[in-house]
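Undergrad: Structure incoming, see below.
The values are calculated or read from the model by the stated rules, or taken from the named source; none is laboratory data. Here the structure is a predicted model, which means the values were calculated and not measured. Cβ placement follows ideal geometry from the backbone for every residue including glycine, while neighbour counts extend to all protein chains displayed.
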């Protein structure tokens with residue numbers, strides 16, 4: 001070893017000023033007779049000999065040599081099997097940039113089927129989740145669950161991935177002493193395990209929680225929302241913080257049996273009726289006259305608070321009310337299925353009805369309505385507005401792709417509008433994705 | 001009409017991984033208000049909304065393939081080309097019977113005209129054997145004087161001291177590399193250009209630079225005395241200098257070796273806009289290792305016919321050399337149904353993991369090969385190991401000894417994830433700086449490229 005170092009030192013200084021050392025290579029005699037006159041060539045000759053000797057003589061770093069790395073503890077075996085190779089291949093593509101917004105759906109479906117992420121993809125998955133999780137904290141829990149034992153093992157090796165174990169190893173102290181994201185993780189895990197216990201914890205902590213109340217409500221939104229949560233949410237409608245009020249109204253509108261839902265249904269009932277004229281049935285639309293304090297308490301925003309620029313004030317109110325009205329109001333009132341209601345001509349109102357009902361269907365997770373709405377849009381029903389395109393984009397990511405049409409027969413391929421083309425490609429992607437996860 | 005490419009083929013054109021990612025995110029109809037494909041002319045075009053006010057105009061001649069895009073990107077092909085091809089591959093680009101718009105059409109026509117003027121390279125057979133012999137002689141003279149100059153240069157470096165090289169810029173090596181190009185010794189030029197990064201490669205750079213200079217010096221001496229060398233070693237020396245053999249001549253002249261070759265590992269490298277794919281095979285019966293090289297200019301797809309983890313029944317012919325590793329495929333015999341008899345490879349995928357060797361066996365084999373070819377600096381490793389973390393990532397054999405992983409290979413997290421602290425079969429390239437991991441086999445026996 002030191003013989004090589006001597007040669008390197010001499011070469012750094014240069015043979016103009018340094019002697020050329022004569023290294024001994026084990027097994028080779030020093031050939032004094034073959035010394036050329038040029039010391040530089042001599043040094044290069046000897047360096048070549050020693051280079052090859054050293055490369056050929058690389059030794060295993062033996063146990064106890066100081067170089068030896070500590071063996072790692074083996075990961076505990078995971079009883080859950082990995083997903084099918086096809087599903088793994090698709091996850092690989094998603095991590096590579098294809099439809100990354102569907103990652104949560106892939107992970108949710110894998111967790112629901114008790115299948116695991118293939119180990120080779122875990123590093124890329126955990127890196128991605130770490131990058132995006134400040135805006136999407138639920139991904140942390142999903143990736144930890146879908147990653148299973150192997151993800152926990154990896155997380156102990158790389159400090160970047162500690163969130164995986166932080167979720168599973170946290171005790172009551174985390175709730176009392178932890179930071180906001182740890183407390184959120186604790187609450188989300190508890191909500192997944194025992195929804196009632198999480199609700200109880202929120203109720204107890206509500207008064208002292210201050211700005212964390214929004215976080216509490218977002219945890220409720222993600223898992224296990226039920227009518228048992230209604231008293232808590234109804235009380236929150238009278239909070240001072242507008243964001244808390246907004247969340248509470250949003251969640252109550254998702255619960256079709258809630259009192260808020262019934263209030264909305266009463267406001268909405270007069271707005272739509274079916275008129276059987278001589279030319280066939282028509283939907284006659286009468287938007288609400290105005291927005292009162294009770295409507296505002298229930299989350300209806302006035303015109304100024306945003307919403308599509310192309311709607312006037314009363315149209316906007318109709319849209320807000322429709323989005324919060326239980327969808328069975330309509331099937332009950334008209335005695336028709338979602339599909340049949342959408343088939344009734346509604347003329348210029350179609351785009352507003354489309355976005356309003358779509359928001360309601362997505363909030364209430366009503367697959368019958370989502371399916372009917374997607375089919376309506378793919379068949380070219382509600383004519384295109386910018387807002388309608390965005391609504392279709394969201395519908396295509398939430399509707400059950402196995403039930404929706406995944407192509408359009410409305411017109412020749414070259415003329416299909418972009419939002420419809422996009423929706424079809426997303427629905428097909430999700431259809432294949434979910435099918436592969438069944439394998 | 002051109003057969004529609006699949007997405008893998010399109011993604012294989014990407015110059016790097018970030019380009020793949022951005023292309024995938026751009027490959028949605030929303031970014032492309034207008035696209036079209038010409039059924040007859042084998043072309044695709046489209047306008048992509050970008051950050052600029054005017055849309056980017058992208059056109060692809062599928063027969064080349066050749067690309068053109070109005071965006072300012074210096075990547076080639078750019079993300080717009082890749083995204084457009086992805087859309088086309090999934091069937092989202094409508095056929096346009098009206099033909100391409102003018103901006104695309106004029107370029108396509110100009111290309112077609114150029115193509116009809118250029119005679120095909122295949123016809124460049126030597127016409128006059130005497131002239132060919134004269135050219136070969138001239139080249140020998142040039143290479144000989146180039147190597148003499150290189151040896152003087154190497155002597156100068158060592159005489160003045162390597163310490164100065166840390167301050168030297170890339171030009172220092174580019175200059176001597178360019179002279180080797182003039183001397184028609186491209187193999188040396190490539191090696192010299194690669195040296196520019198060594199002084200900034202961290203602790204031990206001085207030793208690594210001296211190693212490379214010494215081996216180049218050895219090559220210069222070996223060329224000078226090539227008449228004294230046994231023929232295989234002479235072939236090795238000449239190929240390392242850059243005398244390349246035509247693959248057709250190798251296939252025609254060599255002894256084919258038929259075996260079931262397991263495709264164990266693959267590594268893609270890029271230098272000077274040329275991409276090189278190194279595919280490592282191991283014969284089941286013969287136990288021989290073979291290295292297949294394929295090349296592609298930036299923007300062209302690399303040969304994808306041998307997938308890692310597959311096995312192929314094929315005749316290989318080895319290039320001559322002291323340690324014959326490089327080979328070319330003469331014929332494949334994988335057509336299991338026997339009816340087609342065509343060239344399509346129907347190799348069974350997932351041949352299962354190879355027999356993993358020990359670390360001692362790997363080092364013993366490399367040492368023996370090095371005795372025959374002292375310049376050999378990458379060697380197929382197939383070992384049964386457990387990856388370990390640290391001080392630096394390494395692999396540990398069943399006997400408790402360990403080898404470092406190549407520092408350039410990074411953290412190697414997928415290898416760790418796959419192993420979970422348990423032994424795995426790993427294939428890779430063993431180099432003087434460490435093991436470069438390329439393929440591992442998972443619990444189900446499937447090959448996983450790392």
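Undergrad: Mind telling me which of the residues A:359, A:398, A:411, A:365 ends up being out of contact with any strand residue (DSSP E or B) (no Cβ under 9 Å at 6 or more places or on another chain) and at pLDDT below 90?
TA: Numbers: A:359 fails: at pLDDT below 90; A:398 fails: at pLDDT below 90; A:365 fails: at pLDDT below 90.
Only one candidate qualifies: A:411.
Undergrad: Same structure again: Identify the single condition in (1) facing chain B (nearest Cβ under 10 Å); (2) touching a helix residue (DSSP H, G or I) at 6+ places or on another chain (Cβ under 8 Å); (3) buried (at least 23 other Cβ atoms within 10 Å of the Cβ) that residue A:107 does not satisfy, given that it satisfies every other one.
TA: (1) is the only condition that residue A:107 fails.
Undergrad: Now for a separate question. Answer yes or no as to whether residue B:443 is in a loop (DSSP other than H, G, I, E, B), more than 8 Å from chain A (Cβ to nearest Cβ) and closer than 26 Å to residue B:311 by Cβ.
TA: Considered against the rule, which asks whether it is in a loop (DSSP other than H, G, I, E, B), more than 8 Å from chain A (Cβ to nearest Cβ) and closer than 26 Å to residue B:311 by Cβ, residue B:443 comes out as yes.
Undergrad: Among (1) more than 24 Å from residue B:445 (Cα to Cα); (2) not in a helix (DSSP H, G or I), there is one condition residue B:232 misses while meeting the rest; what is its number?
TA: The failed condition is (2).
Undergrad: A further question follows. Working only within segment B:20-38, note down all residues that are more than 19 Å from the chain's Cα centre (by Cα) and more than 26 Å from residue B:102 (Cα to Cα).
TA: Narrowing segment B:20-38 to residues more than 19 Å from the chain's Cα centre (by Cα): B:21-38.
Of everything in segment B:20-38, those that are more than 19 Å from the chain's Cα centre (by Cα) and more than 26 Å from residue B:102 (Cα to Cα) turn out to be B:21, B:22, B:24, B:25.
Undergrad: Kindly indicate whether residue A:283 is more than 30 Å from residue A:210 (Cα to Cα) and not in a loop (DSSP other than H, G, I, E, B).
TA: Values: more than 30 Å from residue A:210 (Cα to Cα): yes; not in a loop (DSSP other than H, G, I, E, B): yes.
Yes.
Undergrad: Give me a count of the residues in segment B:385-405 that are under 27 Å from residue A:88 (Cβ atoms) and crowded, with 19+ Cβ neighbours inside 10 Å. Before you say what the answer is, go through the steps one by one.
TA: Let us first name the residues in segment B:385-405 that are under 27 Å from residue A:88 (Cβ atoms), namely B:385-389, B:393, B:395, B:405.
This time we only want the ones that are crowded, with 19+ Cβ neighbours inside 10 Å, so: B:385-388, B:393, B:395, B:405.
Matching residues across segment B:385-405 total 7.
Undergrad: Then there is this: Regarding residue B:59, is this residue surrounded by 14 or more Cβ atoms within 10 Å (Cβ to Cβ) and within 24 Å of residue A:101 (Cβ to Cβ)? Walk me through it before giving the result.
TA: Values: surrounded by 14 or more Cβ atoms within 10 Å (Cβ to Cβ): yes; within 24 Å of residue A:101 (Cβ to Cβ): no.
So residue B:59 fails the test.
Undergrad: Do we have residue B:248 as assigned to a helix (DSSP H, G or I), more than 13 Å from chain A (Cβ to nearest Cβ) and either farther than 19 Å from residue A:45 by Cβ or in contact (Cβ under 8 Å) with a residue 12 or more places away in the chain (or both) here? Can you show your working first?
TA: Working: assigned to a helix (DSSP H, G or I): yes; more than 13 Å from chain A (Cβ to nearest Cβ): yes; either farther than 19 Å from residue A:45 by Cβ or in contact (Cβ under 8 Å) with a residue 12 or more places away in the chain (or both): yes.
Considered against the rule, which asks whether it is assigned to a helix (DSSP H, G or I), more than 13 Å from chain A (Cβ to nearest Cβ) and either farther than 19 Å from residue A:45 by Cβ or in contact (Cβ under 8 Å) with a residue 12 or more places away in the chain (or both), residue B:248 comes out as yes.
Undergrad: Which helices (runs of 4 or more DSSP H) does segment A:140-238 wholly contain that include 2 or more residues that are at pLDDT 85 or above and buried (at least 20 other Cβ atoms within 10 Å of the Cβ)? Don't jump to the end; show me each part of the working.
TA: Details: elements: A:163-168, A:172-177, A:180-193, A:195-209, A:213-222, A:230-236.
Once the helices (runs of 4 or more DSSP H) in segment A:140-238 are filtered for at least 2 residues that are at pLDDT 85 or above and buried (at least 20 other Cβ atoms within 10 Å of the Cβ), what remains is A:180-193, A:195-209, A:213-222, A:230-236.
Undergrad: Those residues that are within 17 Å of residue A:157 (Cβ to Cβ) and more than 7 Å from chain A (Cβ to nearest Cβ), I need them from segment B:392-407; list them, please. Please lay out each step first, then the result.
TA: Pass one, segment B:392-407, residues within 17 Å of residue A:157 (Cβ to Cβ): B:392-396, B:402, B:405.
Passing the criteria: B:392, B:393, B:395, B:405.
Undergrad: Can residue B:428 be described as more than 9 Å from every other protein chain (Cβ to nearest Cβ) and assigned to a helix (DSSP H, G or I)? It would help to see each step written out before you state the result.
TA: Values: more than 9 Å from every other protein chain (Cβ to nearest Cβ): yes; assigned to a helix (DSSP H, G or I): no.
Taking the combined requirement at face value, the residue does not satisfy it.
Undergrad: Go through segment B:29-50 and give me each residue that's surrounded by fewer than 20 Cβ atoms within 10 Å (Cβ to Cβ) and closer than 22 Å to residue A:419 by Cβ. Step through it out loud before you land on a result.
TA: First, pick out the residues of segment B:29-50 that are surrounded by fewer than 20 Cβ atoms within 10 Å (Cβ to Cβ): B:30, B:33-34, B:39-42, B:49-50.
Answer for segment B:29-50, where residues must be surrounded by fewer than 20 Cβ atoms within 10 Å (Cβ to Cβ) and closer than 22 Å to residue A:419 by Cβ: B:30, B:33, B:34, B:49, B:50.
Undergrad: Related question: Before we move on, is residue B:156 part of a helix (DSSP H, G or I), out of contact with any helix residue (DSSP H, G or I) (no Cβ under 7 Å at 6 or more places or on another chain), within 14 Å of chain A (Cβ to nearest Cβ) and within 23 Å of residue A:46 (Cβ to Cβ)? Reasoning before the result, please.
TA: Numbers: part of a helix (DSSP H, G or I): yes; out of contact with any helix residue (DSSP H, G or I) (no Cβ under 7 Å at 6 or more places or on another chain): yes; within 14 Å of chain A (Cβ to nearest Cβ): yes; within 23 Å of residue A:46 (Cβ to Cβ): yes.
It is true that residue B:156 is part of a helix (DSSP H, G or I), out of contact with any helix residue (DSSP H, G or I) (no Cβ under 7 Å at 6 or more places or on another chain), within 14 Å of chain A (Cβ to nearest Cβ) and within 23 Å of residue A:46 (Cβ to Cβ).
Undergrad: Now for a different question. For residue A:184, all conditions in the list (1) away from chain B (no Cβ under 14 Å); (2) in contact with a helix residue (DSSP H, G or I) (Cβ under 6 Å, 6 or more places away or on another chain); (3) closer than 21 Å to residue A:432 by Cβ hold save one; what is the number of the exception?
TA: Condition (3) is where residue A:184 drops out.
Undergrad: Name every residue in segment B:145-162 that is free of Cβ contacts under 8 Å to residues at least 24 places away in the same chain and surrounded by fewer than 16 Cβ atoms within 10 Å (Cβ to Cβ), in order of residue number.
TA: Within segment B:145-162, B:152, B:156 meet the criteria.
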